[in-house]
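Okay, structure first, notes after.
The values are calculated or read from the model by the stated rules, or taken from the named source; none is laboratory data. These numbers were taken from a predicted model, which means no experiment stands behind them. Using ideal geometry, Cβ is built from the backbone for each residue, glycine included, and neighbour counts are taken over all protein chains shown. All accessible areas refer to the heavy atoms of the entire protein, side chains included, with ligands and DNA or RNA removed. Shrake-Rupley method; radii C 1.70, N 1.55, O 1.52, S 1.80 Å.
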Number of protein chains: 2
Amino acid sequence: MANRVDPYRVLLNEDEMPTSWYNILPDLPIPAPPPLHPVTREPCGPEDLAPLFPMELIKQEVSEEQYIEIPEEVQNIYKTYRPSPLHRAYQLEKILDTPAKIFYKNESVSPAGSHKLNTAVAQAYYNKNEGIKHITTETGAGQWGSALALGCGFFGIDLKVFMVRISFDQKPYRRTMIETWGAEVFASPTEMTNAGRAVLAEDPNSPGSLGIAISEAVEMAAQDDAVKYSLGSVLNHVCLHQTIVGLESKIQMEKMGEYPDVVIGCVGGGSNFSGMIFPFMKDKFEGKSVRAVAVEPVSCPTLTGGKYEYDFGDQAETTPLIKMYTLGHKFVPSPIHAGGLRYHGGAPILSQLVNEGYIEGVAYPQTAIFEAAMTFARTEGIIVAPETAHAVKAAIDEANNCKESGESKNILFNLSGHGLLDLRGYEEYLAGNLVD
Amino acid sequence: MANRVDPYRVLLNEDEMPTSWYNILPDLPIPAPPPLHPVTREPCGPEDLAPLFPMELIKQEVSEEQYIEIPEEVQNIYKTYRPSPLHRAYQLEKILDTPAKIFYKNESVSPAGSHKLNTAVAQAYYNKNEGIKHITTETGAGQWGSALALGCGFFGIDLKVFMVRISFDQKPYRRTMIETWGAEVFASPTEMTNAGRAVLAEDPNSPGSLGIAISEAVEMAAQDDAVKYSLGSVLNHVCLHQTIVGLESKIQMEKMGEYPDVVIGCVGGGSNFSGMIFPFMKDKFEGKSVRAVAVEPVSCPTLTGGKYEYDFGDQAETTPLIKMYTLGHKFVPSPIHAGGLRYHGGAPILSQLVNEGYIEGVAYPQTAIFEAAMTFARTEGIIVAPETAHAVKAAIDEANNCKESGESKNILFNLSGHGLLDLRGYEEYLAGNLVD
């Protein structure tokens, strides 16, 4: 430690926070395939999405502007918890005895506990701005539902959250968190929607799935002009809002005179990794050498085991078809603790970049990622979310590879959220009861 | 918000972190009354404390040096999460429609979730430095037990935590957190000590208390030379380590050109408030006008309803007698959610300053503090610990007083910890089941 050069954390003041998001769409080497209407299979126009989203978000979905200004009201809320710190993981490096430098962007410091608040605030703002007072959404593990509850609370919007039943039952404190911030939460499938009733008719004890919960939230929004829908991942505008993560990280790395050799993030729908990697991807399109590693669970191997094709975003086939890596929209993954990674599809832009070879995919089993999370907790102190543990595992593997090869690479990963509401997984790991 | 002048948060870089703690002992207007031996009732010498604490901490307990240098290894761990941010609560001010400015020091950003890590790291370091490999402690709500687990983990020390049984049963995830960081945790009273066995003989279903858990942890340390004991509050050296909180806050307020008119903190044993207020108290001794408000629960009104006299720190009368405000060492407070404030006594220095009129005490019932915590969660976003909610309530009351009087005062409080492991209290509040 005597030769410590970089600080433990690079902080930025609020006047150093980026004031625009980076939109990767105009920079893509091949144009993004358009979403298709679920019935006609023709490319969707704005009018097809208008029942679900405010117009400003629909515009962002297809925008060709390279930078989109962050509205002042959104910036003001960001500034209550952003810029987030970027850490050098000295203690982890020491225990791994690696010549690599490990850096992590700490999104767990948001009051909602993850990166999800970055888009929750933006989406709530654009809805409020167009006069919307009611929003529906779904949540799996609960990170998104709680973040949007807080985001909607800031702008006086009423929110209904369809929470996958198995999470609803296993995570009572996620429900409490959502209610503390003023939203309502229901165990999905519910009797409130056709989609929910259809599932319950077949299986009254259905544990639910993200695909079902999306169907319910979309249905409720679609049938009422006064109600819009909000999605926490996958879509282009969601990934756009998360680019604040990568933009800040670039500034912070530059302040240390560093640039990452490899950038890592976990992928469920793909928003946290998209947000981190897109600003670096811009450099890669311009010829810069940087590896991008997307990490997923072996039990839901969308990028590493799925097909790149058009598929529905939900179980009931009500969303537009999007071209993405998918395991099929009827796929129900096993109940691993990383509930946020249990989604059959992935963000279309991210999928496209994987398909074109710009991004690598890697998959790990559950016990391996908890083992990595334990190492991280005992060195860096932070108890990460099971989702984030996937990124930690990949970072440790990269650092171990460096030890073998003797290379001193810069490894950067997105610490997307803390696991303080997900301690059951740690409990099972400690008791030796965790299975893959 | 158009006339926002102060930033939302004042951050400090690691090279701006204070490198010494502030020791208030030499500045006290009246010398601190010494602790007395539990049997002889003579003032304790270092030899009386040596079975329990490493010598460096015993020296700090009575040091006359105004500033004590923070060891480099402790500074290095501090720098992984400190300096912590100081926030201006614009959103809370707005909803209260107050002319007051409200500031809060955010200690919830430590990986352990509270200020407790500040002394946990220091105590673990001094023990390690004197060759100690085993420590015992007690924990009530779990904040201290988890912080010390992490602190001991950093220095390779084995830790045994006696956790008050009612918390042990109600908070399984606190136990998981403690174990994740590598410590062992037992439901107190246990069969492992004379003190525990004596209580269980009388009541096999005893819910335990902090006083009993302290007796157990002290007994186990006292009977084995290789084992030391660690306390998370009350003692002078603990309050000393927490002064990093107030020292940073002063720098951060200065950076905005501000000085607090009133400084607020919750008080159980008294460490978070001591840490915040002592550096300001120094100014007050020198004639500066600053009010200090210590906040406690009406169900455990040590400062507002106790007597200032010599009493034991534990239930079994094994600790030295210390002069403090106390409700009597046999007092068992009602099972409120703010478990960290359920202690019969208080830090002797803090008690002395209350007795001499330098610090005011105020007490609130449980429903009032959760109502304040809800307001805070929905404006500033952070879900605070039930303990911290006491400080939030007092800050809101001060701001409301300013609204009535039209005064624009600067209100500063210590946000000592988050409540993400204490959501049961919020759940009961939301369900309307919370009682005082």
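Numbers below:
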{"read-out": "Which listed residue, of B:430, B:434, is over 25 Å from the mean Cα position of the chain (by Cα), surrounded by fewer than 21 Cβ atoms within 10 Å (Cβ to Cβ) and within 14 Å of chain A (Cβ to nearest Cβ)", "value": "B:430"}
{"read-out": "Subset of the range A:387-420 [open to solvent by 10 Å² or more (accessible area, probe 1.4 Å) and hydroxyl-bearing (Ser, Thr, Tyr)]", "value": "A:405, A:408"}
{"read-out": "Pick from the range A:210-252, criterion assigned to a loop (DSSP other than H, G, I, E, B) and hydroxyl-bearing (Ser, Thr, Tyr), ranking: most open to solvent (accessible area, probe 1.4 Å)", "value": "A:233"}
{"read-out": "Residue satisfying condition, being closer than 19 Å to residue A:373 by Cβ, open to solvent by 10 Å² or more (accessible area, probe 1.4 Å) and of a type in the set (A, V, I, L, M, F, W, C), within set A:62, A:109", "value": "A:109"}
{"read-out": "Residues of the range B:99-136 satisfying the condition of being within 13 Å of residue B:231 (Cα to Cα), away from every other protein chain (no Cβ under 14 Å) and under 15 Å from the mean Cα position of the chain (by Cα)", "value": "B:119, B:122, B:123"}
{"read-out": "Residue match in the range B:66-79 (condition: buried (at least 18 other Cβ atoms within 10 Å of the Cβ), in contact with a His (Cβ under 7 Å, 6 or more places away or on another chain) and of a type in the set (Lys, Arg))", "value": "no"}
{"read-out": "Some residue of the range B:258-271 being hydroxyl-bearing (Ser, Thr, Tyr), crowded, with 18+ Cβ neighbours inside 10 Å and closer than 20 Å to residue B:240 by Cα", "value": "yes"}
{"read-out": "Tabulated pairs, the range A:229-241, first over 19 Å from residue A:161 (Cβ atoms), second aromatic (Phe, Trp, Tyr) and in a loop (DSSP other than H, G, I, E, B), C-beta under 7 angstrom, 6+ apart or interchain", "value": "none"}
{"read-out": "Per-region count, the range A:1-15, residues free of Cβ contacts under 8 Å to residues at least 60 places away in the same chain and either open to solvent by less than 40 Å² (accessible area, probe 1.4 Å) or part of a helix (DSSP H, G or I) (or both)", "value": "1"}
{"read-out": "Selection count where residues are open to solvent by less than 10 Å² (accessible area, probe 1.4 Å) and within 13 Å of chain A (Cβ to nearest Cβ), scope the range B:158-170", "value": "1"}
{"read-out": "Members of the range A:273-289 that are open to solvent by 10 Å² or more (accessible area, probe 1.4 Å) and not small (Gly, Ala, Ser)", "value": "A:282, A:283, A:284, A:285, A:286, A:288"}
{"read-out": "Residues of the range B:378-400 that turn out to be aliphatic (A, V, I, L, M) and touching a Pro at 6+ places or on another chain (Cβ under 8 Å), as a count", "value": "2"}
{"read-out": "Index of the failed condition, residue A:305 passing every other in (1) open to solvent by 10 Å² or more (accessible area, probe 1.4 Å); (2) within 13 Å of the chain's Cα centre (by Cα)", "value": "(2)"}
{"read-out": "Number of positions in the range B:89-106 that are among the basic types (Lys, Arg) and surrounded by fewer than 22 Cβ atoms within 10 Å (Cβ to Cβ)", "value": "1"}
{"read-out": "Residue that is nearest to residue B:398 (Cα to Cα) [pool: residues in the range B:42-94 that are small (Gly, Ala, Ser) and more than 14 Å from chain A (Cβ to nearest Cβ)]", "value": "B:63"}
{"read-out": "Complete set of residues in the range A:182-205 that are open to solvent by less than 10 Å² (accessible area, probe 1.4 Å) and either among the charged types (D, E, K, R) or touching a Pro at 6+ places or on another chain (Cβ under 8 Å) (or both)", "value": "A:196"}
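Here's the yes/no breakdown for (1) surrounded by fewer than 22 Cβ atoms within 10 Å (Cβ to Cβ); (2) within 20 Å of the chain's Cα centre (by Cα); (3) closer than 22 Å to residue A:424 by Cβ:
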residue	(1), (2), (3)
B:84	no, yes, no
B:140	no, yes, no
B:156	yes, no, no
B:172	yes, no, yes
B:180	no, no, yes
